[in-house]
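A.B. asks: I have a structure here, written as structure tokens, and I will follow up with some questions on it.
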Amino acid sequence: MKEPQSLFTGTMVLAGASFVNRMLGFVYQIFLIRLIKAEGIGLFSMVFPIYILVLVLASFGIPVAIAKLVADAATQGNRQRAYRILRLALVYTSFFSLTLTVIGVLSARFITGQVLSNPSTYLPFICLMPGVFIVSMSSVFRGFFQGFQYMTPTAASQTAEQLIRVTVGLCLASLLINQGIVAAACGACLGVVIGELGGFMLMLLYFIRSRDLQPRLGGFRVRESGYLTGAMFRLAFPITLMRLVSTGFLSLEAVIIPHRLMANGFSTHEATEAYGLFAGIAETLLYTPGLITVALSTALVPAIAEAQTARDFSLLNSRVNNAMRCTVIVGLPSLLVFLVLARDLCAILFGYPEAGAALQVLAIGAPFLYLQQTTTGVLQGLGEPMVPFRNLVIASVFKVAGIYALTGCPAYGIRGAAAAVVSGFIIMSVLNLIDLRKITDCRFKMLEIVFKPLAGTAAATTALCFAYKYLVGEGIVTGFNLFGSIFIAGIVYGVCLILIGALSKEERDRLGYVFCKIFLAIKK
């Protein structure tokens with residue numbers, strides 16, 4: 001096993017892979033939406049949360065528990081225990097995933113016909129089911145490597161998975177589009193499964209090539225295995241509850257939003273299409289900048305656990321503040337771009353400017369969404385997974401109630417659903433911050449976390465307005481002048497952050513080092 005990567009390096013590795021994946025995903029989403037239209041994306045978006053719900057039950061929170069337990073074992077220098085944890089996790093996860101796959105296939109007719117009230121979703125749902133076992137097993141190995149703070153296998157497998165998914169998904173959808181929208185949606189679903197299989201195979205290759213694999217597998221110890229099983233499930237159970245609630249509420253969204261739109265007079269076709277625009281375009285754009293915070297939250301679990309196990313409270317405080325600062329640095333400019341350019345982005349990228357109405361509302365929740373992701377990672381790393389779970393339940397109850405009330409109101413419609421989703425982000429992020437302050441007694445450096453990024457965003461706002469006015473003027477908006485405006489605003493934002501000291505010299509040096517490595521790798 002290689003030496004652990006630092007929090008910054010681990011985050012950059014995952015963020016780099018996530019950036020590539022998001023770009024590939026964007027290309028995929030653009031072509032797929034133009035190929036199977038909003039209705040096809042609506043079908044895919046309706047079954048996908050149910051599939052994720054089955055995945056959560058199948059993995060049972062074990063991958064995050066592995067990351068925590070393996071990080072503790074690595075800190076204590078007990079690598080043999082780390083491999084025993086892996087073996088136990090593989091046994092439990094394979095049992096859960098195979099059982100849930102069979103149950104999912106047998107109950108598919110009921111789920112798609114009675115719950116989703118759209119029989120057209122049956123075949124896409126069936127096509128996704130083989131992915132349950134594959135993703136569950138792959139996530140166990142990812143949790144193992146993350147426990148050692150070695151993020152490269154996770155990044156590489158995610159990139160391979162996305163490459164295969166994009167290529168196979170588009171090819172199958174193109175071949176099947178003549179058979180109808182449902183068949184094309186099935187092609188996209190099969191692309192997901194085949195991509196996951198490719199990522200899993202690469203993850204296995206990384207594991208097999210680990211130099212200390214053979215001597216570390218060790219023998220089976222009943223007493224220690226019982227202790228490790230108990231520790232694993234004590235951590236996994238609340239994590240599973242949290243993810244179950246999260247994905248369960250996402251599944252409720254996929255059910256409630258189309259139903260409430262139909263209560264407004266929409267036909268089944270129109271409701272499916274409107275949900276496709278909301279989930280397939282507006283939410284896709286909203287979650288894209290989160291590639292940094294998702295990578296950060298993943299790397300934070302073992303990093304925070306390491307600082308806590310070593311009782312290095314100064315390091316803990318530093319890592320928490322740096323995580324908050326990185327999150328706000330990403331969140332504020334995202335809010336700016338989505339708020340000002342929502343309609344143009346949706347039109348240029350996907351050909352559906354009407355999706356901009358929902359995105360403009362969702363933009364307000366961007367910083368809170370990313371903050372929610374980061375603080376959840378910190379709290380899980382502290383061994384307090386029940387805290388974000390409780391906050392998620394509270395926030396989700398408000399969100400679903402808001403979706404039901406506002407989406408059914410003719411004056412709001414899909415924008416009401418977006419407003420309810422934003423309220424959930426705000427409530428959970430605020431509750432997480434309050435609990436994080438209580439648990440760690442960390443002192444948040446508001447100047448570094450909030451005010452300096454806010455100053456940079458103000459400068460970027462001015463630059464964006466001037467650049468957009470100059471490049472577009474009274475002419476037609478194109479991809480060149482739209483993204484040119486964003487690029488100019490991004491340059492101003494980055495320079496401003498450096499000038500006001502929002503990025504330290506060490507961080508600037510590290511960023512330069514990383515970009516040099518990337519450049520040299522590309523050059524080779």
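Readers should treat all values here as calculations from the given coordinates under stated rules, not as data from a laboratory. Bear in mind the structure is a predicted one, so any value in this text is a computation, not a measurement. Neighbour counts are summed over all protein chains in view; Cβ atoms, including those assigned to glycine, are modelled from backbone coordinates with ideal geometry.
A.B. asks: Which FRET efficiency value, to the nearest 0.05, do you get for F95 and A401 by plugging their Cβ-Cβ distance into 1/(1 + (r/R0)^6) with R0 = 51 Å? Before the final figure, lay out each step's value.
C.D. replies: On the way: r = 37 Å, r/R0 = 0.72.
Here the calculated transfer efficiency is 0.90.
A.B. asks: Starting from the 7 Å offset along Cα-to-Cβ, what nm value, one decimal, do you get for the label separation of V393 and C171?
C.D. replies: For V393 paired with C171, the spin-label model returns 4.7 nm.
A.B. asks: How high is the FRET efficiency between S117 and Q179 when r is their beta carbon distance and R₀ equals 25 Å, given to the nearest 0.05?
C.D. replies: 0.60
A.B. asks: Once the piece of chain linking N321 and A411 is laid out straight, how much longer is it, given 0.36 nm per residue of separation minus the C-alpha distance between them? If you can, show how the numbers build up before the last one.
C.D. replies: Numbers: separation 90, 0.36 × 90 = 32.40 nm, distance 4.15 nm.
Fully extending the segment from N321 to A411 adds 28.2 nm.
A.B. asks: While we're on this one: So, by mean Cβ neighbours within 10 angstrom, what's the order for 264-275, 117-128 with the highest one leading?
C.D. replies: 117-128, 264-275
A.B. asks: Something else about it: Starting from the Cα-Cα distance between K438 and K469, subtract it from 0.36 nm times their residue separation and give me the gain in nm to one decimal. Mind dumping the intermediate values first?
C.D. replies: Details: separation 31, 0.36 × 31 = 11.16 nm, distance 4.66 nm.
Between K438 and K469, full extension yields 6.5 nm more.
A.B. asks: Let me ask another. How far apart, in nanometres, would the label points at N78 and V20 be if each is projected 7 angstrom from Cα along the Cα-to-Cβ direction?
C.D. replies: Modelled inter-label distance: 3.7 nm.
A.B. asks: What is the pair-distance distribution P(r) of segment 7-444, computed from all Cα-Cα distances in 20 Å bins starting at 0, with each bin given as a whole percent?
C.D. replies: Cα pair-distance distribution for segment 7-444, in percent: 26, 60, 14, 0.
A.B. asks: Would you mind calculating the gained length between T462 and I30 on full extension (0.36 nm times residue separation, minus the Cα-Cα distance), in nm to one decimal? Intermediate results must be reported in sequence, preceding the final value.
C.D. replies: On the way: separation 432, 0.36 × 432 = 155.52 nm, distance 2.95 nm.
Fully extending the segment from T462 to I30 adds 152.6 nm.
A.B. asks: Then there is this: From the C-alpha gyration tensor of segment 16-144, pull out the three semi-axes of the equivalent ellipsoid (sqrt of 5λ each), sorted largest to smallest, in whole Å.
C.D. replies: Three semi-axes, in Å: 33, 21, 9.
A.B. asks: Another question, then. Expressed in whole Å with the largest first, what are the equivalent ellipsoid semi-axes of segment 85-189 derived from the C-alpha gyration tensor as the square root of 5 times each eigenvalue? Intermediate values should be presented prior to the final figure.
C.D. replies: Working: eigenvalues 179, 84, 14 Å².
Largest first, segment 85-189 gives 30, 21, 8 Å.
A.B. asks: For a test of the definition: using alpha carbon positions, the gyration tensor, and the 1.5 limit on a/c, classify segment 377-486 as rounded, prolate or oblate.
C.D. replies: It comes out oblate by the Cα gyration axes.
A.B. asks: By average Cβ neighbour count within 10 Å, what is the ranking of 105-115, 174-184 from highest down?
C.D. replies: Working: 105-115: 14.5, 174-184: 16.0.
Going by the mean number of other Cβ atoms within 10 Å, highest first, we get 174-184, 105-115.
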